[in-house]
Amino acid sequence: MVTFTLNGTERTFNGDPDTPLLWVIRDFEKLTGTKYGCGIAQCGACTIHLDGMPRRSCVTPISMIEGSDVVTIEGISGKEAEAIKTAWAAIDVPQCGYCQSGQIMSAVALLQMVPKPTDDDINSAMTGNICRCATYHRIRAAIHAAANSMEG
Amino acid sequence: MAIQDIDITRRGFIAGSGLVIGIAMAPKLLKAAPTGVPAGGGPELVPMNTFVKIGTDDTVTILSKHIEMGQGPFTGLATLVAEEMDADWSQMRAVHAPADNDLYANLAYGIQGTGGSTSIANSFDQIRIAGATARAMLIAAAAKEWQVPVSEITIKKGRIRHAATGKESGFGAFAERAALQNPPAEPKLKAPEDFILIGTDLPKLDTRSKIDGTAVFTLDVMPDNALIAVVAHPEHCGATVKHFDDGEARKVQGVVDVKQVASGIAVYADNTFAGLKGRDALHIEWDLSGAETRSSEEIAADYVRHFDEPGIVATNNGNVDGAFDAPGVQTVEAEIIFPFLAHAPMESLDAVFVMAPDGSLDIYTGAQFPAMDRQVAAEILGMQQSQVRLNTQMTGGAFGRKAQFGSPYMQEAAAVYAASGGSRPLKHMWTREDDIRGGFYRPMYAHKLRGAINQKGEITAWEQIIVGQSILGKVDLDETSVEGASNLPYAIPNLKVTSHNVELVVPPLWWRSVGHTHTGFAVETFVDELLVKIGRDPVEGRLGLLSGRPRHTGVLRKAAEMADWGSAVPEGRARGVAVVESFHSYVAQVVEVSVDPEGIPRVHKVWCAVDCGLAINPNVIKAQMEGGIGYGLGAVLFDAVTLGTGGKIVQSNFHDYRSIRINEMPEVAVEIIKSSERPTGVGEPGVPPIGPAVANAWRSLTGTPVRQLPIVNIV
Ligand code: FES
Ligand code: FES
């Protein structure tokens, strides 16, 4: 049995310990904001925060997260998250939207670590998140806008 | 254990799957999982007509006959309705229309469908009329209630008013009564000069839900007690199951059943991971007798043999042979090979089936041809179509992948559901591997181009031979193979374009911008080479050949102006240009390129000008240009589905079917040509120019023309 915190609530799981966190979140916890895109840590659609760090939940077996703190798009909060969501809406970033939970989770983690990221910082933090609609141009603009909004 | 033996109660499911409910549940976690968005909106909405419903809370919901895949039809169509109703943007909502070929046919092709960049173009009049009709019915209802003449009632920002009496109301209060009014025979549409919303950057209706994770995609539809089904597919197109052993698979905790279906072996499980683990544990021997066993290289070699055979004539103007044979003529030649391309939408194919207590069926899926999907599912399940509701869900991209004649994906999904016996709801999903190896690619093509330059340095003839699969499965001319070449915009007096339809086992499909994915590249790189050969500047030279083509000229001049074409280029960089008309929209792009450390083109900046007629929502148009540029650029730089020796598909996921990423995305500037022409599409037209513009810059930078794609494979 694995016990962990999900968006601030204690949860337990006693199914197959190999089950990736992604499928625990989706199939068992029924939180559907976190997406499947590749299953092999290539696309970032499944990005969540594990103990405050961005992590691909599709390659994180549930057995690894005993006692950990998991935050998904449904639970993300704080000033960085607010700034990112506001900028994302103002710049109308999403197209199909399917990758966007993962993009936002990566972007929030970036701002939590680097309040004023450069283009290079954005590249290294966001390269793991594929957007097939190629909203990258706006993702970059929104991260800069969010960073600027937090300054004042 | 077979599916029928399963305890299908909720309690049984929870116990069986090993889920233990924690003690303290936050409200967030108590929220029920999405059970799918019903097509057409909820019963609380009052229908005014086929496309517009009004809620008692004053909301106006449009029924979009086009699926929202990210290209913005929800927003665009709602803008048109809001404009004609004089609604306020904040009251607008959008849902997908039910699957119905009679009510919701795409006027461009006669069945319900999204594709060909047609959503705004074909709905422009239809949905404005729906909005104007609803407006007239609201006014009629208010006039009756307030006992005042219709002509004295005004609507502004969603408020119905009668100035003289000071009466005022929202839409909701009159919804029921408005629905009982006779619709006007010929509702009056606004004149363009009266537009308030059209042409403004209204925020997209679906943005919010896509930011907070609440948007519901098919994969998110989670009926209680659902089975998850995945199918093991072959690694060769056209292979079938010869023999399989499911002993190990059935031992996997959570696997419920295993069945053979036409396309492979289906594994049914209580959760996704169990299904995937079970699928991995299958042992399958495939029968390759009907499979494609040639490699891509062998197929390409077979393709180019057709260059010497007579083809199907698409265009034959003037006297091409005579022009090449004229004395002193210089001939320029090029052969270009295009690979198979997967669409790789972020959400791969999926569908959810839920039987209602009365025996009718709800299907949730993201289909570009929903009514065809419904028909196919009903046939496979032996049901009346009237018993099947196909609820189109928002979908995580498609790019053409979810528009298939005969609905082969739904054939598999419905067969998997049928084989389960239907005692539990079922979600069928494709993994990324299924998607990349699933066929239905943009076909391989080979082009041979010949250009004649006379002694005066004029381009006097253009011959183009195109070899590839017919996407429409035709034996005679398939327009989608030659579009963009057969109607070459350049004034070259002698023009001949022929095509050869080649049959392969690999199923073909349209891919964002269809024929223009290859004809745009071939035409725009070759004309560039010819122009350089005769000493002309690529922009000036094109303009010289585009007389009588004002819209091509307009976007080309605009993009050149934006890029300050002709000005000094930073050291180590070169610029390239291309202009392509597709789906009645015109797009020109100028790119600035250097060589990156990998030795491939690094695209720094793209200047893009688009003429798509009347701009409904500039913000959406710009987004589609940006997205089209990224999608097209990723493909020309990195993408190919390759058949290896023996025909086995080499790629399987994003590690070897490489997607463009944020560090490879150029800066993009977009300008929209002001126009009062009818609006045309933007979902695809941003794609075709980017590849040739990059290849042209690359040739000018390195001296090497791009004759094979993707570029990463040749440098
Ligand atoms: S689904 Fe986890 S990285 Fe793609
Ligand atoms: S918005 Fe569609 S994949 Fe990113």
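The values are calculated or read from the model by the stated rules, or taken from the named source; none is laboratory data. Bear in mind the structure is a predicted one, so any value in this text is a computation, not a measurement. Note that each Cβ is placed from the backbone with ideal geometry, even for glycine, and that neighbours are counted across all protein chains shown. When the accessible area is computed, the model is the full protein with side chains, heavy atoms only, and any ligands, DNA or RNA have been set aside. Shrake-Rupley method; radii C 1.70, N 1.55, O 1.52, S 1.80 Å.
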So is B:Glu503 assigned to a loop (DSSP other than H, G, I, E, B) and within 30 Å of B:His236 (Cβ to Cβ) or not?
yes
Of the numbered conditions (1) under 31 Å from the mean Cα position of the chain (by Cα); (2) part of a strand (DSSP E or B), B:Thr154 fails exactly one; give the number of that condition.
(1)
Out of all the residues in the range A:62-71, is one or more within 16 Å of ligand 2 (Cβ to nearest atom) and within 14 Å of another protein chain (Cβ to nearest Cβ)?
no
Does B:Gly422 satisfy the criteria of being touching a Leu at 6+ places or on another chain (Cβ under 9 Å) and within 16 Å of ligand 2 (Cβ to nearest atom)?
no
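At least 2 residues that are of a type in the set (A, V, I, L, M), out of contact with any Ser or Thr (no Cβ under 6 Å at 6 or more places or on another chain) and modelled with pLDDT of 95 or more in each: list the strands (runs of 3 or more DSSP E) lying fully within the range B:265-379 that qualify.
Numbers: elements: B:283-287, B:312-317, B:330-338, B:350-355, B:361-365.
Hits in the range B:265-379: B:330-338, B:350-355, B:361-365.
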Looking at (1) open to solvent by 10 Å² or more (accessible area, probe 1.4 Å); (2) part of a loop (DSSP other than H, G, I, E, B), which is the one condition that is false for B:Ala140?
(2)
Counting only residues in the range B:199-227 that are more than 9 Å from every other protein chain (Cβ to nearest Cβ) and among the hydroxyl-bearing types (Ser, Thr, Tyr), the one nearest to B:Ile120 (Cα to Cα) is identified as B:Thr200
Scan the range A:12-19 and tell me whether some residue there is in contact (Cβ under 8 Å) with a residue 12 or more places away in the chain, within 14 Å of the chain's Cα centre (by Cα), more than 10 Å from ligand 1 (Cβ to nearest atom) and more than 7 Å from chain B (Cβ to nearest Cβ).
no
Which condition does B:Gly213 not pass, out of (1) assigned by TED's automatic domain parsing to the domain that holds B:Gln126; (2) open to solvent by less than 60 Å² (accessible area, probe 1.4 Å); (3) assigned to a loop (DSSP other than H, G, I, E, B), if it passes all the others?
(1)
Under 7 Å between Cβ atoms, which residue pairs at least 6 apart in sequence (or on different chains) link something in the range B:657-669 that is closer than 13 Å to B:Gly628 by Cβ with a partner that is open to solvent by 30 Å² or more (accessible area, probe 1.4 Å)?
B:Met665/A:His137; B:Pro666/B:His604; B:Pro666/B:Lys605; B:Val668/A:His137
Among the numbered criteria (1) crowded, with 23+ Cβ neighbours inside 10 Å; (2) more than 16 Å from ligand 1 (Cβ to nearest atom), which one does A:Ser68 miss?
(1)
Pairs under 6 Å by beta carbon, first residue assigned to a helix (DSSP H, G or I) in the range B:607-621, partner open to solvent by 10 Å² or more (accessible area, probe 1.4 Å), six or more apart or different chains?
B:Pro618/B:Asp201; B:Pro618/B:Ile672; B:Asn619/B:Asp201; B:Ile621/B:Ala615; B:Ile621/B:Ile672; B:Ile621/B:Val682
Within the range A:116-144, the count of residues that are of a type outside the set (Phe, Trp, Tyr), more than 16 Å from ligand 1 (Cβ to nearest atom) and open to solvent by less than 40 Å² (accessible area, probe 1.4 Å) comes to 9
Six or more apart or on different chains, Cβ atoms under 9 Å: show the pairs whose first residue is in the range A:75-104 and in contact (Cβ under 8 Å) with a residue 60 or more places away in the chain and within 16 Å of ligand 1 (Cβ to nearest atom) and whose second is open to solvent by 10 Å² or more (accessible area, probe 1.4 Å) and of a type in the set (Lys, Arg).
A:Tyr98/A:Arg132; A:Cys99/A:Arg132; A:Gly102/A:Arg56
Test A:Gly37 against the criterion of being within 12 Å of chain B (Cβ to nearest Cβ), near ligand 1 (Cβ under 10 Å from one of its atoms) and open to solvent by less than 40 Å² (accessible area, probe 1.4 Å), and give yes or no.
yes
Looking at the range B:80-99, is at least one residue out of contact with any Lys or Arg (no Cβ under 6 Å at 6 or more places or on another chain), open to solvent by 30 Å² or more (accessible area, probe 1.4 Å) and outside any helix (DSSP H, G or I)?
yes
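Can B:Glu292 be described as more than 14 Å from chain A (Cβ to nearest Cβ), buried (at least 16 other Cβ atoms within 10 Å of the Cβ), charged (D, E, K, R) and closer than 30 Å to B:Asp476 by Cβ?
In short, yes.
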